[in-house]
Protein chains: 2
Amino acid sequence: MSHPLRTHIEAVSKLTDEEFDHILSHFTPVKLKKHSSLVREGDLVKHEYFVLKGCLRSYITDNTGKEFTYQFAVETWWISEREAFMKHTPASTAIECLEDCQLLALSYEDREKLGRELWKYEHYLAVKSNMGYVALQKRLQLMIMGSAKERFENFVHQYPHLYNRIPKTHIASYLGVSRETISRLYRK
Amino acid sequence: MSHPLRTHIEAVSKLTDEEFDHILSHFTPVKLKKHSSLVREGDLVKHEYFVLKGCLRSYITDNTGKEFTYQFAVETWWISEREAFMKHTPASTAIECLEDCQLLALSYEDREKLGRELWKYEHYLAVKSNMGYVALQKRLQLMIMGSAKERFENFVHQYPHLYNRIPKTHIASYLGVSRETISRLYRK
DNA sequence: GGGGTGAAAGGACATTTGTCACTTAAAAAT
DNA sequence: ATTTTTAAGTGACAAATGTCCTTTCACCCC
């Protein structure tokens, strides 16, 4: 059974054992308890993370205390605060663990280094970034064109495993509806 | 007075006269009349476009005939159908001219070629792509957290020059509200 | 320069979704 | 096990926004 990170990269381009070992040697394991924070608003974000085990979300809180969930991450997903990580500015979104988590951390410097050393890694990043952009476009489109019901059904269909794993409150804040609305839809 | 495309690239990195002339030599001028289509749904998209003069929008139409505007473009902006252009798949969004337009077209092959030949161009693309991602995130966030009023006011504040140039119908479809709602907000 | 065409404004009403207050259920802590 | 805390379900009502329809305005175009 191959390493989950290897599987993930090889969905884009195949690696030799040496290449993968070299890549993996730049990652640092991180363990976190449920409810702990990986990133707090205002932090500098020096790493991005690959999830080995557990579940996290990134979110922001507005001045009235309402939350908006940008992203969830479970096994084999990446998570970070992209803008802060890239530009070395303070984080405007927070990241918290929804379960006990095991992560692999990669620093900004090592990411750059890997990209320079290994074209396949650079390419993997470019493909990943592009897929992220397209996915975000789709989400925006659904947000604008779809009703609460359509958004909810799409979520359940797209992420059946998340739907029973993540508190409804957070799913609601990801979909941009109230928790009560989710309840009402769920009933039917 | 420098060429608008040069100014745009040089906001990221400075070019020599030779470099810019080399870049520019890969672009083809395109002229289009108001109301004409640059891309139709289902087309293959072989070029991306830099706007010299005029105004365009990209949009999709759902099965009930309702439209959603992805993007506007005026002087010095780029426009294309990113997914179709990148993946060589049929376009799922259309692009139309809201005014008479003068554009510069760059083919996929030439784009790749320029990126390979001139690192500064590759870098310019990467920066542009990253800014696009962050902007899209901000738009999604505002869409989810903001009221119709907030979204509208943000638009007017962010693009004061577009607000009097583009039909309200299209601004409404960009903001994900009905035209009537825009009218009501504008009244006050 | 009058007739036609498309965009915007406005009112009445319907629908969706949010808010609040309360109850129930489940999970965590001691 | 019992208590305490947290999440979810529910109903009544309010607010925001959409829909439909009519009127007005502005701009083109023979």
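The values are calculated or read from the model by the stated rules, or taken from the named source; none is laboratory data. As the structure is a prediction and not an experimental result, all values here were calculated from the model. Note: ideal-geometry Cβ built from the backbone for every residue, glycine included; neighbour counts use all protein chains shown. All accessible areas refer to the heavy atoms of the entire protein, side chains included, with ligands and DNA or RNA removed. Shrake-Rupley method; radii C 1.70, N 1.55, O 1.52, S 1.80 Å.
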For the range A:7-45, the count of residues that are open to solvent by 40 Å² or more (accessible area, probe 1.4 Å) and touching a helix residue (DSSP H, G or I) at 6+ places or on another chain (Cβ under 6 Å) equals 1
Within the range B:30-69, can you find the residues that are without any contact (Cβ under 8 Å) to a residue 60 or more places away in the chain and not in a loop (DSSP other than H, G, I, E, B)?
B:Val39, B:Tyr49, B:Phe50, B:Val51, B:Leu52, B:Lys53, B:Leu56, B:Ser58, B:Ile60, B:Thr61
Could you grab me the full set of residues in the range B:159-180 that are surrounded by fewer than 16 Cβ atoms within 10 Å (Cβ to Cβ), within 12 Å of DNA strand C (Cβ to nearest atom) and not in a loop (DSSP other than H, G, I, E, B)?
B:Tyr163, B:Lys168, B:Thr169, B:Arg179, B:Glu180
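For the condition open to solvent by 30 Å² or more (accessible area, probe 1.4 Å) and more than 18 Å from the chain's Cα centre (by Cα), what is the one hit in A:Gln141, A:Gln102, A:Gln137?
Numbers: A:Gln102 fails: more than 18 Å from the chain's Cα centre (by Cα); A:Gln137 fails: more than 18 Å from the chain's Cα centre (by Cα).
The unique qualifying residue is A:Gln141.
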Which numbered condition in (1) more than 14 Å from chain A (Cβ to nearest Cβ); (2) away from DNA strand C (no atom under 16 Å from the Cβ); (3) of a type outside the set (A, V, I, L, M); (4) within 28 Å of B:Ser2 (Cα to Cα) is the only one that B:Ser129 fails?
(1)
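Considering each of A:Met86, A:Met145 in turn, give the residue that is over 17 Å from B:Met143 (Cα atoms) and either out of contact with any strand residue (DSSP E or B) (no Cβ under 7 Å at 6 or more places or on another chain) or among the aliphatic types (A, V, I, L, M) (or both).
On the way: A:Met145 fails: over 17 Å from B:Met143 (Cα atoms).
Result: A:Met86 is the single residue among A:Met86, A:Met145 that is over 17 Å from B:Met143 (Cα atoms) and either out of contact with any strand residue (DSSP E or B) (no Cβ under 7 Å at 6 or more places or on another chain) or among the aliphatic types (A, V, I, L, M) (or both).
Tell me which residues, restricted to the range A:108-125, are of a type outside the set (D, E, K, R) and exposed (fewer than 14 other Cβ atoms within 10 Å of the Cβ). I'd like the intermediate steps shown before the answer.
Taking the range A:108-125 as the starting set, the residues that turn out to be of a type outside the set (D, E, K, R) are A:108, A:114-115, A:118-119, A:121, A:123-125.
Within the range A:108-125, A:Trp119 is the sole residue that qualifies.
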Considering only the range A:133-158, state which residues are more than 8 Å from DNA strand C (Cβ to nearest atom), touching a helix residue (DSSP H, G or I) at 6+ places or on another chain (Cβ under 9 Å) and hydrophobic (A, V, I, L, M, F, W, C).
A:Val134, A:Leu136, A:Leu140, A:Leu142, A:Met143, A:Ile144, A:Phe152, A:Phe155, A:Val156
Look at the range A:70-82 and say how many of its residues are in contact with a Ser or Thr (Cβ under 9 Å, 6 or more places away or on another chain), open to solvent by less than 40 Å² (accessible area, probe 1.4 Å) and not in a loop (DSSP other than H, G, I, E, B).
4
